[in-house]
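See structure below.
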Amino acid sequence: RRMAFKLIASIINGQANAVVFGCDSRFYYQLIPFLHDHVRVIDLFHAFVDRGKGAENWSLPLASRINQRIVLGEYTKQQFVDLYKEKNLPSKLGDRISIISNAVAVPDRLPEKNVAQALNVLFVGRKGREKRLALFNAIAKKCFDDGVNAQFRVVGNMLTKQRRDHAISWHPSITLLGEIRDAVT
């Protein structure tokens, strides 16, 4: 396994302006020690799971090597600042944490647009409450009801038994394309 990390790291290290970006992956955190200093390391972090079991702790020994941490809100940023303090890590590591909220502000009044072709709206991902598929479904219904020329498509495994726990009655204007199983080359 160590050889695999060394091989992957050697390819990355050979790039002049290399950037690695990872999220909640033991593989990612295990790769970081093999990367040279010129490689920029960026970490996207969703939320603390459980102190002692989550990625917040897997990544803790690498905090000084992570050039930038991206979190979704002030609460998670503060959790990291507190954890760094608790573990006697330099407080300046908190300055490397950036917040990018997981939301988009929508104005009360949208501008008029002249669109000749249908608007294509695509969701790619897994089924889970935090993905807000019910909102996607509601938007498709509203567009359909208002006569908006739009096509809605969903890519992902939405139909397996374990995914039925959050059942959605999909609006007929949404096309479920299923799971992508082709290998990426």
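Could you please state how large a percent of the accessible area of the chain is carbon and sulfur, counting protein chains only and using a 1.4 Å probe?
53
Give, as a single signed number, the net charge of other residues whose beta carbon lies under 15 Å from the beta carbon of Ala140, with Lys and Arg counted +1 and Asp and Glu -1.
It works out to a net charge of +3.
Grab the Cα-Cα distance for Ala116 and Glu130, subtract it from 0.36 nm times how many residues apart they are, and report the gain in nm with one decimal.
Between Ala116 and Glu130, full extension yields 1.7 nm more.
Charges at C-beta only: +1 for Lys and Arg, -1 for Asp and Glu. How large is the resulting dipole of the chain about its Cα centre, in Debye rounded to 20?
For this selection, approximately 540 debye.
Go ahead and set up a Gaussian network model of the chain, Cα springs under 10 Å, then flag whichever of Asp145, Asp43, Asp108 fluctuates most.
Ranking Asp145, Asp43, Asp108 by mean-square fluctuation puts Asp145 first.
Please give me the summed charge of the neighbours of Ile8: other residues whose Cβ is under 12 Å from its Cβ, Lys and Arg +1, Asp and Glu -1.
Taking every Cβ under 12 Å from that of Ile8, the sum is +3.
Taking the Cα-to-Cβ direction at Val155 and at Gln15 and moving 7 Å from each Cα, how far apart do the two end points lie in nm?
Between Val155 and Gln15, the label points sit 2.1 nm apart.
What full-extension length gain, to one decimal in nm, is calculated for Arg2 and Ser25 as 0.36 nm per residue of separation minus the Cα-Cα distance?
Answer, rounded to one decimal: 6.7 nm.
Averaged per residue, what accessible area in Å² does the chain show with a 1.4 Å probe, protein chains only?
Accessible surface, normalised per residue, equals 70 Å².
Work out the length of the dipole vector of segment 39-88 about its Cα centre, built from +1 on the beta-carbon of each Lys and Arg and -1 on the beta-carbon of each Asp and Glu, and round it to the nearest 20 debye.
Computed charge dipole of segment 39-88: roughly 180 debye.
The values are calculated or read from the model by the stated rules, or taken from the named source; none is laboratory data. Being a predicted model, the structure only gives us computed values, none of them experimental. In this analysis, Cβ positions are derived from the backbone assuming ideal geometry, glycine residues included, and neighbour counts consider all displayed protein chains. Side chains included, ligands, DNA and RNA excluded: accessible areas come from the protein's heavy atoms. Shrake-Rupley method; radii C 1.70, N 1.55, O 1.52, S 1.80 Å.
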